[in-house]
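> Before I ask anything, here is the structure I am working with.
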Amino acid sequence: MSNLQDQKAANLESGGSIAAGDDHDRETARRIEEFVVAFLKDYRTRLAYTRGNQLIERFHGTVLDKLHDLWELVPHITLTIDEGRLIWREFAVYDEPIGHDNLAFMFFRDGLRTLVLLPGCEQGELREFVDILANQRRGRSSDLLATLWHRDFSFVRIEYVDAGEDGSLDIPAGNRNAGAGETIADMTEIERVVSAGPVTAEIDDGFNAILLSEADQGYLQREMDLELERPLAHDVTLALLDQFEMRDQERRRQVVDVLRKLLPDLLSVPDFATVSLIVNELQLLANKTGEQDTQELVLSLLRDMSEAMADLVSAEDEGNGSRPAQHELDALLGALQAEAIPTLVRALPAMTDFSLREQIEQALADLVARFPDRLRELTSAEDPVLAAEAARIIARLGFSAAAADLVGLANRPESVARRAGIEALGFMPADEVATTTVLTALDDEDWTVRKAALEAITRLAPHGAARELRRRIASRGFAGRDEAEQAAFLRALVAAGPEEAVPELSELLNGRGRWGGKHAAIVRAGAARALAVVGTPEAATELNRAKADRNSTVASAVSLCLRHLEQNVGTLPDGVDE
Amino acid sequence: MSTTEPQHGVSTGVLTAMYDAAKALQLYPIENEIVGRSLTELQSRVTEIFEREGGLAVWVAGNYMFVNDIQVRLDLADYAALSALREALRSHGIGRIEFLPRVRTDDWVAFLTGLTSATRPGIQPLEAFQARLSDAGVHRIVVGPSTALFSGGEDSDGIEAARRTYAYSVQVARETMNGLVLGKAVGAQRAERAVLRVVDQVLKDRSTMMGMLTLRDYDDHSLIHAVNVAILSVALGQHLGFGKQQLFELGFAALFHDIGKVLIPTSVLNKQAFLTDEEWRLVSQHPDFGLLIMFDMEGFEDPPYRAMLSIYEHHMGAHLNGYPRVIRRRRQGLFARIIAITEAYDAAISNHGRQFSPCSPDEAIRQLLHNDGNLYDGVLARAFTTMMGVYPVATVTILDTGELGVVVAPSSNPNALSRPLVRIVATREGKRIGDGPIRDLTEVDPATGHFVRSIARSANPQRYGINVSDFVA
């Protein structure tokens, strides 16, 4: 520290306080202390509340008021920073026990020794300064000195401790007097100079000697502009790709290791241009070398990055323009590996951008074609929603090799998984295991699963399904099922064997129920529609029998069905919904 | 002039108008139209400030200039003009100028022509200037000396502070490189602190910091070289008008420009004879290694891409005819071009080259200037020359009086690049002096009107047993 500061410290040590000094200084110190108190409140408020809170504004307003008054007394406020104190002249204007909450200690610990506030700081810099301190306290910034130095305030100045004050540096010392008094042995050169006489030729410096010409200044300004506009990450990438291309396998490995660190940063921006450049170039270069090691190296990187890239490309535009150009999207989708499959599967259901969804679906189809096992594995995912989505995609792609996995899914405890498994089995070829699984699901406790089973049967018409359906229709419990389920049963029955279904359907339409009365009108209407789907003369006969039914719902449905049969066979009449 | 022009623009505007008018007065007769226009522009700028703020005061503190207590931020476009103005004020010992209302044209003429006139030796420059204004009847422009900006905290011993900064930088460079060699995780915080100290020291007192280039007290030449290149690069950046943040980035890149050499065996690095093809192939990959190694440094808020590129490109050559080879189209960046020059200069003057002896600083400057533009950016090479002067700090010189001297600072007179300040280290009779006097080579003999002393030529310090760092560091 300078001698001046030592004197001040000595004054303070000897009991200096606000009580010392002349009246003007004392009054000023008192006002500065008030300002510091207000400053502390402002700082602590920012720690306790989020940005925008009215309390922060209020306390900051008080700080500015105090400062405004102070400028009438002092041209600047210079505070010396002690371990636990802030000192103005010889007055301690802040003095608290040393600890993490001590503001002075926070400055001192990071090497700050003087803080100067100048008029003008209240126009924004002071607020920013307090924010920086609060962030520092929250641990969001690691080096307060460097942060303040980089911020380079105009009206908030800092001075920091000199390096080597603790004696830890090996500081060279000069010795001007080394050799003093000695006589130079070889004077030849000097004599030659003296004999040539005084120098008369002058280097033409001119007033512009230290100034660059306007053209030079223009050149440098342009170069600086170019430098500041330079796409740095992109250019670093070009350098790395050059290294990958021109060096040996060991260097390629090093480059890939570096890219492994670089890519997450690029993805977080997101810098689509550079990421797509990397994935394109690496794949090209790997293919160009033809070396398996190199290709595997590149693949390992793409595998590591696939999940993050899939996440990025499937994120829809949030209105901030953070979407890749089409060629960038193509590059990223083309580079994805199996590791991307779960992310894409998860993202698809929520996507509302139709065009993007189409492209993601295609990319997923391509990936599944290359890595079928990865999709199959997802049906065993712990997350039932993810497993269900995987099943839907299996169904959509017609991926029949995954049928066994769907059977497993259909036996999971979660209904969402069971339903998805059964639905998907409805799109698979009906083998014995799949059929048994679907038929068993007719008795599932969850109606959505049962419905899925009925739809699957309707679609597949598996062998033996008609018998199972008939058994359930004839059972006591059938009447207790809701009407939609009963109608679904009838549709399934027709699909399972149209002509064999006629007796049951006739019984429902024209027969008597368990208690002697006719069946419910909605069930009878459903039976009528099913008979229309069957469309045989026997079916038509049964329909005729009910043509004049007293129940208008039934009569209306029968009439529509008969009219439909006159025109078409095998399809439900329009307007007759299920 | 827009009344909504930002404050910064108004402050810079009045200072550049002052410079323009001073230059016009120097180049043309007072009746010339150009002079008239420039004085009118100046008056207009001053009037605007009076209307805005009620007064105008300009002051200089260290490397900073203030207009009405607002620091004037220099950028590249106006740096040359404002730095010339600042130097002119300093040369006359002027630290503060207060302008009273209604300054007349005659007042401006007297003031500005005074600024551009040479100071007279033997007379206190500020007193001489004040007398000149008084003789000319100028009462509305009041000049005064510099005042300290702060009440405490300034280091009065510039050399001591520069030495500490230098030593700290060497230590940090050593720790970083040792850490990387051992494969340890290396944090960036200490390196950042070293660089910001260098930047602050150069901004505060460039000449003294440049004197540290002569320190050769450390065994590891690579560390000295790294720190020297950092100092030179920051100094050149300052000379070009770089902002503080740009100076930091440049200094950081320069400090670690050769960091890739940690992966090259010392037996190859320190080999005094010519390198074999294989050895050269290895050494020439140090930029590649450097790029990759920088990714191992931790603790950055943002990755130091600009430093990485500078490290990678610093041997590429202005026309990409250097190394490493370029496959994907690029340009050698501005920072890399600066480092190429400063590195070449330090390598030329240092004693750890291979079969070559180090050359004198002025000879190194000449070599840079006479490059055909393939390796070094010609504009930057000239800028470097004008920053260093014809005889850079630490040049040992033989004066035409027969005295031996060591250049300790460039001339404060921008007209006299070849007339630096020189400390006499040996008399005409060849007797060595310890703490010899400092002579300003712009000093003129009033009887003859000739310069008292001039540099006849530079000299090899080893020939005369002179340890240059004793006098400048």
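The values are calculated or read from the model by the stated rules, or taken from the named source; none is laboratory data. Not measured: the values here are computed from a predicted model. Every residue, glycine as well, gets a Cβ built from its backbone with ideal geometry; the counts of neighbours run over all protein chains shown. With ligands, DNA and RNA removed, areas are computed over all heavy atoms of the protein, side chains included. Shrake-Rupley method; radii C 1.70, N 1.55, O 1.52, S 1.80 Å.
> Just checking, how many residues over the range A:444-492 are under 23 Å from A:VAL416 (Cα atoms) and in a helix (DSSP H, G or I)? Quick ask: steps written out before the conclusion?
Step one: list which residues in the range A:444-492 are under 23 Å from A:VAL416 (Cα atoms), which gives A:444-460, A:481-489, A:492.
Restricting the remaining residues to those that are in a helix (DSSP H, G or I) gives A:447-460, A:483-489, A:492.
Here the count works out to 22.
> Out of A:ARG467, A:ARG472, A:ARG476, A:ARG545, I need the residue that is surrounded by fewer than 16 Cβ atoms within 10 Å (Cβ to Cβ), touching a Leu at 6+ places or on another chain (Cβ under 9 Å) and among the charged types (D, E, K, R). Which one? Quick ask: steps written out before the conclusion?
Details: A:ARG467 fails: touching a Leu at 6+ places or on another chain (Cβ under 9 Å); A:ARG472 fails: surrounded by fewer than 16 Cβ atoms within 10 Å (Cβ to Cβ); A:ARG476 fails: touching a Leu at 6+ places or on another chain (Cβ under 9 Å).
Sole residue among the options that is surrounded by fewer than 16 Cβ atoms within 10 Å (Cβ to Cβ), touching a Leu at 6+ places or on another chain (Cβ under 9 Å) and among the charged types (D, E, K, R): A:ARG545.
> Of the numbered conditions (1) without any contact (Cβ under 8 Å) to a residue 40 or more places away in the chain; (2) within 14 Å of another protein chain (Cβ to nearest Cβ); (3) buried (at least 16 other Cβ atoms within 10 Å of the Cβ), A:TRP88 fails exactly one; give the number of that condition.
(1)
> Mind listing whichever residues of the range B:231-283 are of a type in the set (Phe, Trp, Tyr), modelled with pLDDT of 90 or more and open to solvent by 50 Å² or more (accessible area, probe 1.4 Å)?
Matches in the range B:231-283: B:TRP280 only.
> To continue, here is another question. Out of the residues in the range A:294-343 meeting the condition of being more than 17 Å from the chain's Cα centre (by Cα) and outside any helix (DSSP H, G or I), tell me which one is surrounded by the most Cβ atoms within 10 Å (Cβ to Cβ).
Here the residue is A:LEU336.
> Select from the range B:420-440 the residues that are touching a strand residue (DSSP E or B) at 6+ places or on another chain (Cβ under 8 Å), facing chain A (nearest Cβ under 10 Å) and open to solvent by less than 10 Å² (accessible area, probe 1.4 Å) and list them in ascending order.
If the condition is that a residue be touching a strand residue (DSSP E or B) at 6+ places or on another chain (Cβ under 8 Å), facing chain A (nearest Cβ under 10 Å) and open to solvent by less than 10 Å² (accessible area, probe 1.4 Å), then B:VAL425, B:ALA426, B:GLY430, B:GLY436 are the ones that fit.
> Does the range B:158-203 hold any residues that are among the acidic types (Asp, Glu) and over 19 Å from B:HIS225 (Cβ atoms), and which are they? Show your work before the answer.
Residues of the range B:158-203 that are among the acidic types (Asp, Glu), as a first pass: B:160, B:175, B:192, B:200.
Of everything in the range B:158-203, those that are among the acidic types (Asp, Glu) and over 19 Å from B:HIS225 (Cβ atoms) turn out to be B:GLU160, B:GLU192, B:ASP200.
> I'd like to verify a number: residues in the range B:276-308 that are touching a Lys or Arg at 6+ places or on another chain (Cβ under 7 Å) and either within 12 Å of chain A (Cβ to nearest Cβ) or part of a loop (DSSP other than H, G, I, E, B) (or both), how many?
1
> For A:MET428, work out the one condition from (1) open to solvent by 20 Å² or more (accessible area, probe 1.4 Å); (2) assigned to a loop (DSSP other than H, G, I, E, B); (3) of a type outside the set (Ser, Thr, Tyr) it doesn't fulfil.
For A:MET428, the failing item is (1).
> Check the range B:309-323 and report whether any residue there is within 9 Å of chain A (Cβ to nearest Cβ), assigned to a loop (DSSP other than H, G, I, E, B) and surrounded by fewer than 24 Cβ atoms within 10 Å (Cβ to Cβ).
Within the range B:309-323, not a single residue is within 9 Å of chain A (Cβ to nearest Cβ), assigned to a loop (DSSP other than H, G, I, E, B) and surrounded by fewer than 24 Cβ atoms within 10 Å (Cβ to Cβ).
> Still on this structure: Spot the failing condition for B:LEU380; the list is (1) facing chain A (nearest Cβ under 10 Å); (2) open to solvent by 20 Å² or more (accessible area, probe 1.4 Å), and only one is missed.
Status for B:LEU380: all satisfied but (2).
> Taking the residues in the range B:413-461 that are part of a loop (DSSP other than H, G, I, E, B) and acidic (Asp, Glu) as candidates, determine which candidate is modelled with the highest pLDDT. So that I can check it myself, show each step before the final result.
To start, the set of residues in the range B:413-461 that are part of a loop (DSSP other than H, G, I, E, B) comprises B:413-420, B:427-430, B:433-437, B:441-443, B:445-450, B:452-454, B:460.
Now restrict to residues that are acidic (Asp, Glu): B:429, B:435, B:443, B:445.
On the way: B:GLU429: 90, B:ASP435: 79, B:GLU443: 85, B:ASP445: 86.
Once the filter is applied, the top-ranked residue is B:GLU429.
> Give the residues of the range A:381-397 that are farther than 14 Å from A:ALA420 by Cα and surrounded by fewer than 16 Cβ atoms within 10 Å (Cβ to Cβ), sorted by residue number. It would help to see each step written out before you state the result.
If we filter the range A:381-397 for residues that are farther than 14 Å from A:ALA420 by Cα, which is where we start, we get A:382, A:397.
Matches in the range A:381-397: A:GLU382 only.
> In the range A:380-412, how many are of a type in the set (D, E, K, R) and over 26 Å from the mean Cα position of the chain (by Cα)?
3
> So which of B:ALA340, B:ALA347 ends up being touching a residue at least 24 places away in the same chain (Cβ under 8 Å), open to solvent by 30 Å² or more (accessible area, probe 1.4 Å) and more than 10 Å from chain A (Cβ to nearest Cβ)? Quick ask: steps written out before the conclusion?
Values: B:ALA340 fails: open to solvent by 30 Å² or more (accessible area, probe 1.4 Å).
Of B:ALA340, B:ALA347, the one residue that is touching a residue at least 24 places away in the same chain (Cβ under 8 Å), open to solvent by 30 Å² or more (accessible area, probe 1.4 Å) and more than 10 Å from chain A (Cβ to nearest Cβ) is B:ALA347.
> A follow-up question, please. Does B:ALA459 satisfy being open to solvent by less than 60 Å² (accessible area, probe 1.4 Å) and within 7 Å of another protein chain (Cβ to nearest Cβ)?
For B:ALA459, the condition - open to solvent by less than 60 Å² (accessible area, probe 1.4 Å) and within 7 Å of another protein chain (Cβ to nearest Cβ) - is met.
> How many residues are under 17 Å from A:PHE35 (Cα atoms), buried (at least 19 other Cβ atoms within 10 Å of the Cβ) and in contact with a helix residue (DSSP H, G or I) (Cβ under 8 Å, 6 or more places away or on another chain) when one looks only at the range A:91-121?
So the count comes out to 8.
> Restricting attention to the range B:395-410, and to residues there that are surrounded by fewer than 24 Cβ atoms within 10 Å (Cβ to Cβ) and at pLDDT below 90, which single residue is farthest from B:ALA459 (Cα to Cα)?
Looking at the filtered set, the residue picked out is B:ALA409.
Results for (1) buried (at least 22 other Cβ atoms within 10 Å of the Cβ); (2) at pLDDT below 85; (3) away from chain A (no Cβ under 14 Å), shown as yes or no for each residue.
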residue	(1), (2), (3)
B:GLY122	no, yes, yes
B:GLY152	no, yes, no
B:ILE159	no, yes, no
B:VAL229	yes, no, yes
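> Identify the residue in the range B:23-34 that is open to solvent by 10 Å² or more (accessible area, probe 1.4 Å) and assigned to a helix (DSSP H, G or I) and, among all such residues, is farthest from B:THR113 (Cα to Cα). Can you show your working first?
Narrowing the range B:23-34 to residues open to solvent by 10 Å² or more (accessible area, probe 1.4 Å): B:23, B:25-34.
Next, from what is left, pick out any that are assigned to a helix (DSSP H, G or I): B:23, B:25-27, B:33-34.
Values: B:LYS23: 9, B:LEU25: 7, B:GLN26: 7, B:LEU27: 11, B:GLU33: 17, B:ILE34: 15 Å.
Out of the qualifying residues, it is B:GLU33.
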